[in-house]
Amino acid sequence: MNQFLRFLIIFLPILIFVFFAKVLLVDEDIKFSNFESKSFPEFQLNDLNGNPIQAKSLNGIKLINVWASWCITCLVEHPFLTKLSDTNIQIIGLNYKDSDTKAIAWLQKHGNPYLFSIYDPRGDLAFDLGVTGAPESYLIFDNKVLAHIQGEMNQTKWDNIFLPLIKKARQGS
Amino acid sequence: MIKKLIIIFSFFILSIPAFDEIVYEFEDSLQEKRFYSLISEIRCPKCTSGSIASSDAPVSRDLKNKVYELVLAGSSDEEIKTYVSERFGNFSDYRPALEGTNYFLWFGPFIFFSLMLAMFFLKRRI
């Protein structure tokens with residue numbers, strides 16, 4: 001009995017320590033990302049120019065970036081997205097709760113890193129995707145959502161979260 | 001003096017309270033009860049800790065409207081919660097389902113507490 005007690009006295013604090021270390025030492029970027037794999041919701045929306053979007057335009061590896069002209073943080077991540085669009089990554093915008101005229105003007109002013117932008121003024125597709133605000137980014141691979149981050153996209157998140165998944169997806173296909 | 005008072009009180013009289021809140025109307029009181037208990041059990045995805053009932057974030061407003069629609073359409077509580085968690089993750093449910101790692105969440109504190117109690121009493125007996 002005494003031995004059991006001694007074991008507990010040593011073991012319990014270690015258990016607590018390991019538990020908290022595990023919780024605290026996880027990279028924040030990864031902790032607040034969602035890797036639940038689900039299929040991309042069906043939708044019927046136009047792009048910003050009023051052309052209906054074909055489902056097949058979402059095939060392959062795509063980065064979906066939720067943005068709006070009213071969104072301040074979107075301006076912060078914009079240079080990074082622009083840099084990214086110069087590489088072989090295709091970015092599709094999801095224009096969230098915005099007006100098309102404002103959105104188009106915003107793109108003209110700040111540059112357009114997007115292949116095209118899905119115009120979602122009521123946030124219908126965004127709701128089905130689980131968007132909580134702007135900016136947010138999704139990695140999709142053949143209509144499957146592989147990762148979801150909230151907040152600004154940057155080099156660290158890209159390197160830590162998105163690049164490994166893209167490599168894996170490319171190897172698998 | 002009276003002039004001043006008139007001016008002051010005219011502020012009160014002329015100011016119309018702004019009712020920005022959306023008023024939800026229900027067919028019966030059961031629906032209403034279900035709606036309010038559901039929105040207090042669904043976590044606001046944009047807040048650190050708070051239900052969508054307590055939040056006026058745009059996404060919470062959308063969620064409340066969706067829950068309202070689904071309640072009126074006759075969906076069960078279970079269906080509504082699944083609908084929300086399919087989109088916003090398990091995180092959205094303030095009462096996590098009894099499954100998988102959630103067992104630890106539900107029973108962990110009790111197991112831990114009993115271990116502590118056991119230690120306490122065993123130590124006293126020695």
* Does at least one position in the range B:76-89 carry a residue that is of a type outside the set (Phe, Trp, Tyr), exposed (fewer than 11 other Cβ atoms within 10 Å of the Cβ) and within 14 Å of chain A (Cβ to nearest Cβ)? -> no
* **Residue in the range A:72-88 that is in contact with a Lys or Arg (Cβ under 6 Å, 6 or more places away or on another chain), under 18 Å from A:ILE149 (Cα atoms) and not hydrophobic (A, V, I, L, M, F, W, C) present** => no
* To do: Six or more apart or on different chains, Cβ under 7 Å: which pairs go from a residue in the range A:1-20 that's within 11 Å of chain B (Cβ to nearest Cβ) to one that's exposed (fewer than 10 other Cβ atoms within 10 Å of the Cβ)? Could you list them?
  => A:ASN2/B:ILE126
* Positions within the range B:54-75 being surrounded by fewer than 18 Cβ atoms within 10 Å (Cβ to Cβ) and among the hydrophobic types (A, V, I, L, M, F, W, C), in sequence order -> B:ALA57, B:LEU72, B:ALA73
* Asked: Do we find that A:VAL76 is within 14 Å of chain B (Cβ to nearest Cβ) and of a type in the set (A, V, I, L, M, F, W, C) in this structure?
  -> no
* **Per-region count, the range B:89-126, residues in a helix (DSSP H, G or I), touching a Leu at 6+ places or on another chain (Cβ under 8 Å) and farther than 17 Å from A:LEU15 by Cβ** => 3
* Asked: Which condition number in (1) in contact with a strand residue (DSSP E or B) (Cβ under 8 Å, 6 or more places away or on another chain); (2) without any contact (Cβ under 8 Å) to a residue 60 or more places away in the chain; (3) within 14 Å of chain B (Cβ to nearest Cβ) is the one that A:PHE127 fails?
  -> (1)
* **Residues located in the range A:77-94, provided they are within 16 Å of A:MET153 (Cβ to Cβ) and among the polar types (S, T, N, Q)** => A:THR82, A:SER85, A:THR87, A:GLN90
* When you scan the range B:1-84 for helices (runs of 4 or more DSSP H) that lie fully inside it, which ones turn up with 2 or more residues that are under 18 Å from the mean Cα position of the chain (by Cα)? -> B:29-41, B:58-72
* Asked: Only one residue in A:SER69, A:SER37 is polar (S, T, N, Q), assigned by TED's automatic domain parsing to the domain that holds A:LYS109, surrounded by fewer than 16 Cβ atoms within 10 Å (Cβ to Cβ) and touching a residue at least 24 places away in the same chain (Cβ under 8 Å). Which one?
  -> A:SER37
* To do: Count, please, the residues in the range A:137-165 that happen to be crowded, with 21+ Cβ neighbours inside 10 Å and either part of a loop (DSSP other than H, G, I, E, B) or of a type in the set (Lys, Arg) (or both).
  => 2
* Looking at the range A:72-87, which of the residues that are over 13 Å from A:GLU136 (Cβ atoms) and touching a residue at least 12 places away in the same chain (Cβ under 8 Å) is surrounded by the most Cβ atoms within 10 Å (Cβ to Cβ)? -> A:HIS78
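The values are calculated or read from the model by the stated rules, or taken from the named source; none is laboratory data. If you're wondering where the values come from, they're calculated on a predicted model, not measured in any experiment. Glycine also receives a Cβ, built like all others from the backbone with ideal geometry; neighbour counts cover every protein chain displayed.
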